[in-house]
There are 2 protein chains.
Amino acid sequence: MAANCRFAFAVHILAVLGLKEKEDVTSDVLAGSVNTNPVVIRRIVSTLQQAGLVATAKGARGGVKLALAPENISLGAVYRAMGSPQSFSGHRHEPNQRCPVGKHIVLVLDEVFSSAQAALDDALSRRSIADVVATISLESKAAPRAKKVSPRRAD
Amino acid sequence: MAANCRFAFAVHILAVLGLKEKEDVTSDVLAGSVNTNPVVIRRIVSTLQQAGLVATAKGARGGVKLALAPENISLGAVYRAMGSPQSFSGHRHEPNQRCPVGKHIVLVLDEVFSSAQAALDDALSRRSIADVVATISLESKAAPRAKKVSPRRAD
DNA sequence: GACAAATGTAACCGTGACGCTTACAGATCG
DNA sequence: CGATCTGTAAGCGTCACGGTTACATTTGTC
């Protein structure tokens, strides 16, 4: 897949939103949790919004929240939304058309790539943001050493 | 997966070798088919050799050939050999440990990544170089417009 | 209405990954 | 010996991407 951490960031963001459901969370707070710049967050949020996974509110008291129930957001959907459809990369230049391999390899590879991609997508789709949140809550209970990022009575 | 075309090149190379089994093919010829620089080929071949998929012969009349039967080289093995184990990329900085999500997300993502990776590997392993060669031969028969790269009576 | 608090973007930078190329050392066959 | 190949090191150019700054726009609150 894409070698960027946009997918990781997106899951992270959605997990935070899933934990604070119905609240509007600002990109500043999200940036604090992910440990990056708010603009980076907003860029990803923008993408997620276009995919219909989150809803944003502008202006004072605005922020981001989930547009769907956590259990209805599969990681496959996130992966697809983040535009990481190309795990693979084909030939940079067109291969030699006068060689039978060069002439046909691209089609063969396309087929291989898309089937592998489908398998990957399938594996990711077996998990939802709700699962991620549940795992995090569970581990938090097990080792309750960390507070929430918002300084307002964490538990 | 890795966004490089090393995997595509590797499959291409192995397909050529599969088509000319038992012959020693030079990196120049391979570069001609892939349409790149011989050094790029040699680098990939070197990796494939370390994985035991090809054998090289130095010196005059040297070259590369398959070390295994084409049907015993799965695309999963090629993928793994090319060191593209990281389709995903995690957080660049460590997330905020004082946020429960930040504290646990990395482990959750690791698990997600590795299972997705396994699914991908599995899908790739269902195909071999022999399959690729067979597909190419078939399509070449269907539309026999291209000659081999070697100018020696293609069919 | 003024102001503060947010999102939404555009623009730019620095960095890292990667393919390409040149160059050269070493091995091997004739 | 000389031609032919592999094996590498080194450097270059490019591209994608995260990070940052800056600013326009929207919106709730007083």
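The values are calculated or read from the model by the stated rules, or taken from the named source; none is laboratory data. All figures in this text were calculated on a predicted structure; none of them were measured in a lab. Every residue, glycine as well, gets a Cβ built from its backbone with ideal geometry; the counts of neighbours run over all protein chains shown.
Suppose the filter is within 11 Å of DNA strand C (Cβ to nearest atom), in a loop (DSSP other than H, G, I, E, B) and more than 9 Å from chain A (Cβ to nearest Cβ); does B:ALA60 pass it?
On the way: within 11 Å of DNA strand C (Cβ to nearest atom): yes; in a loop (DSSP other than H, G, I, E, B): yes; more than 9 Å from chain A (Cβ to nearest Cβ): yes.
So B:ALA60 passes the test.
Answer with yes or no whether A:VAL78 is more than 24 Å from B:LYS141 (Cβ to Cβ), of a type outside the set (S, T, N, Q) and either crowded, with 21+ Cβ neighbours inside 10 Å or within 16 Å of DNA strand C (Cβ to nearest atom) (or both). Step through it out loud before you land on a result.
Details: more than 24 Å from B:LYS141 (Cβ to Cβ): yes; of a type outside the set (S, T, N, Q): yes; either crowded, with 21+ Cβ neighbours inside 10 Å or within 16 Å of DNA strand C (Cβ to nearest atom) (or both): yes.
Criteria met by A:VAL78.
Can you pull out the residues in region A:123-155 that are among the charged types (D, E, K, R) and at pLDDT 95 or above? Give the derivation first.
Step one: filter region A:123-155 for residues among the charged types (D, E, K, R), giving A:126-127, A:131, A:139, A:141, A:145, A:147-148, A:152-153, A:155.
Within region A:123-155, A:ARG126, A:ARG127, A:ASP131 meet the criteria.
What's the number of the condition B:THR47 fails, among (1) farther than 30 Å from B:PHE113 by Cα; (2) within 14 Å of DNA strand D (Cβ to nearest atom)?
The single condition B:THR47 does not satisfy is (1).
Quick check on my filter: what residues within region A:1-28 are within 12 Å of DNA strand C (Cβ to nearest atom), in contact with a Lys or Arg (Cβ under 9 Å, 6 or more places away or on another chain) and in a helix (DSSP H, G or I)?
Passing the criteria: A:LEU17, A:SER27.
When you scan region B:97-141, how many residues do you find that are in a helix (DSSP H, G or I), under 20 Å from the mean Cα position of the chain (by Cα) and either of a type in the set (Val, Ile, Thr) or facing chain A (nearest Cβ under 7 Å) (or both)?
The number of residues fulfilling the criteria is 11.
So, of the residues in region B:32-52 that are touching a strand residue (DSSP E or B) at 6+ places or on another chain (Cβ under 6 Å) and touching a residue at least 24 places away in the same chain (Cβ under 8 Å), which turns out to be farthest from A:GLU94 (Cα to Cα)?
Just the residues of region B:32-52 that are touching a strand residue (DSSP E or B) at 6+ places or on another chain (Cβ under 6 Å), to begin with: B:45, B:48-49.
Then keep just the ones that are touching a residue at least 24 places away in the same chain (Cβ under 8 Å); that gives B:45, B:48.
Details: B:VAL45: 20, B:LEU48: 23 Å.
Ranking the qualifying residues of region B:32-52, first place goes to B:LEU48.
The rows are residues; the columns are (1) farther than 21 Å from A:LEU109 by Cα; (2) surrounded by fewer than 19 Cβ atoms within 10 Å (Cβ to Cβ); (3) among the charged types (D, E, K, R).
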{"residue": "B:LEU19", "(1), (2), (3)": "no, no, no"}
{"residue": "B:LYS22", "(1), (2), (3)": "yes, yes, yes"}
{"residue": "B:VAL29", "(1), (2), (3)": "no, no, no"}
{"residue": "B:VAL39", "(1), (2), (3)": "yes, yes, no"}
{"residue": "B:ARG43", "(1), (2), (3)": "no, yes, yes"}
{"residue": "B:LEU48", "(1), (2), (3)": "no, no, no"}
{"residue": "B:GLY52", "(1), (2), (3)": "yes, yes, no"}
{"residue": "B:ALA55", "(1), (2), (3)": "yes, yes, no"}
{"residue": "B:GLY59", "(1), (2), (3)": "yes, yes, no"}
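If I filter region A:65-84 down to residues being within 14 Å of chain B (Cβ to nearest Cβ) and in a strand (DSSP E or B), which single residue comes out as nearest to DNA strand D (Cβ to nearest atom)?
If we take residues in region A:65-84 being within 14 Å of chain B (Cβ to nearest Cβ) and in a strand (DSSP E or B), then A:LEU66 is nearest to DNA strand D (Cβ to nearest atom).
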